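Single-structure report; data block below.
The values are calculated or read from the model by the stated rules, or taken from the named source; none is laboratory data. Since we're looking at a predicted model, the values are computed, not measured. For neighbour counting, all protein chains shown are included, and Cβ atoms are generated from backbone atoms with ideal geometry for every residue, glycine included.
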């Protein structure tokens, strides 16, 4: 489905590596057909011209780690829940999304995957962010790193289970704690299927991370959250102190990771450290958002609505009893704004980490993630503070 007339966006264009003042982006149908300085781009005579005089023209955001929003969680396991979440995040600039599982029963995860398949097969831009694949996240977590996820839904990798899920062909990101028995076999299988293979909710040592890397693991979920540290590894193995997930990611140039830049999970100095030490080509912004996005403060379930763990939202972040954080309650627009505002990244780098970098890590940057000729016509109109003013997916205006 595409717009009848070409679209021409004129103003400051956010490219992957810089801002282009007095630039233009031309979209025809669902594709970008021209990008460059305004005086060097032929604007079609019949184009709808959108002048952005006090703001930016940016690429749609790509979220590879997101659980819910608008009162729904993907683990509710219905197409209606999937569409609700996708529409919620589209309002915040996410045009491509990877619904993310939590811990849960095999039946609950199967229902979630099938609901995502149904929505993907019948998708139109009016149904919200493009569903490019699923992030198979729970249930293969370390027992001591489950966090706000349902403890009873945690388990070790089960080849019969994960092969059945992978056979559906919708999983594009696959997570497992590296120290679990059967973890390396999981990594090899997911890598063979073309997934971005990740380690998360783990207390893995350097040695365990190296074995995982050798089996195909290339990414670590939400840096510094539910992950090992030198002290936690010392508690497991004693002295001498050993390296943890943090040191392995920093030392291994093929590894990537992600941060939740909601202003609550990580202090500005940690966001700055991640940006400087890991870099824009290895660091993704994610929301890790739950169902409380765009809802008032209150008590909600994380994961399946029927039996997920309860958490509280204060409108800024979720938390569970004891004060531990329970995922974010804001969209990708907040992550990008904070990364731009709280670090030295600047606008172009902050936007890249929320768009092109995640698209590259999942191997889909030829389709989306940047304002580049041939890519999907996913365009954001942003104000000077990076607030989302208009969203276009496949060249179609959303929510108008």
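What number goes with the only condition from (1) over 21 Å from residue 95 (Cα atoms); (2) crowded, with 22+ Cβ neighbours inside 10 Å; (3) within 20 Å of the chain's Cα centre (by Cα) that residue 325 does not pass?
For residue 325, the failing item is (2).
Listed residues 326, 359; which is outside any loop (DSSP other than H, G, I, E, B), within 18 Å of residue 280 (Cβ to Cβ) and in contact with a strand residue (DSSP E or B) (Cβ under 8 Å, 6 or more places away or on another chain)?
359
Report yes if residue 295 is in the same structural domain as residue 89 (by TED's automatic domain parsing) and at pLDDT 95 or above, otherwise no. Break it down stepwise before answering.
Working: in the same structural domain as residue 89 (by TED's automatic domain parsing): yes; at pLDDT 95 or above: yes.
Spelling it out, residue 295 is indeed in the same structural domain as residue 89 (by TED's automatic domain parsing) and at pLDDT 95 or above.
For the stretch 50-80, how many residues are loosely packed, with under 14 Cβ neighbours inside 10 Å and not assigned by TED's automatic domain parsing to the domain that holds residue 288?
3
Go through 228, 232 for me and flag whichever is in the same structural domain as residue 153 (by TED's automatic domain parsing) and touching a strand residue (DSSP E or B) at 6+ places or on another chain (Cβ under 6 Å). Before you say what the answer is, go through the steps one by one.
Details: 232 fails: touching a strand residue (DSSP E or B) at 6+ places or on another chain (Cβ under 6 Å).
Matching residue, one of 228, 232: 228.
Pairs under 6 Å by beta carbon, first residue outside the structural domain of residue 162 (by TED's automatic domain parsing) in the stretch 105-117, partner surrounded by fewer than 22 Cβ atoms within 10 Å (Cβ to Cβ) and at pLDDT below 95, six or more apart or different chains?
none
Taking the condition of being in a loop (DSSP other than H, G, I, E, B), closer than 12 Å to residue 76 by Cβ and out of contact with any strand residue (DSSP E or B) (no Cβ under 9 Å at 6 or more places or on another chain), how many residues in the stretch 95-113 meet it?
Summing the residues that are in a loop (DSSP other than H, G, I, E, B), closer than 12 Å to residue 76 by Cβ and out of contact with any strand residue (DSSP E or B) (no Cβ under 9 Å at 6 or more places or on another chain) in the stretch 95-113 gives 1.
Let's see how each residue does on (1) part of a helix (DSSP H, G or I); (2) surrounded by fewer than 24 Cβ atoms within 10 Å (Cβ to Cβ); (3) in the same structural domain as residue 35 (by TED's automatic domain parsing):
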| position | (1), (2), (3) |
| --- | --- |
| 330 | no, no, no |
| 335 | yes, no, no |
| 340 | yes, yes, no |
| 344 | no, yes, no |
| 348 | yes, yes, no |
| 351 | yes, no, no |
| 367 | no, yes, no |
| 391 | no, no, yes |
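Quick grid of which residues meet (1) within 30 Å of residue 372 (Cα to Cα); (2) under 21 Å from the mean Cα position of the chain (by Cα):
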site	(1), (2)
66	yes, yes
79	no, yes
86	yes, yes
92	yes, yes
105	no, no
118	yes, yes
143	no, no
146	no, yes
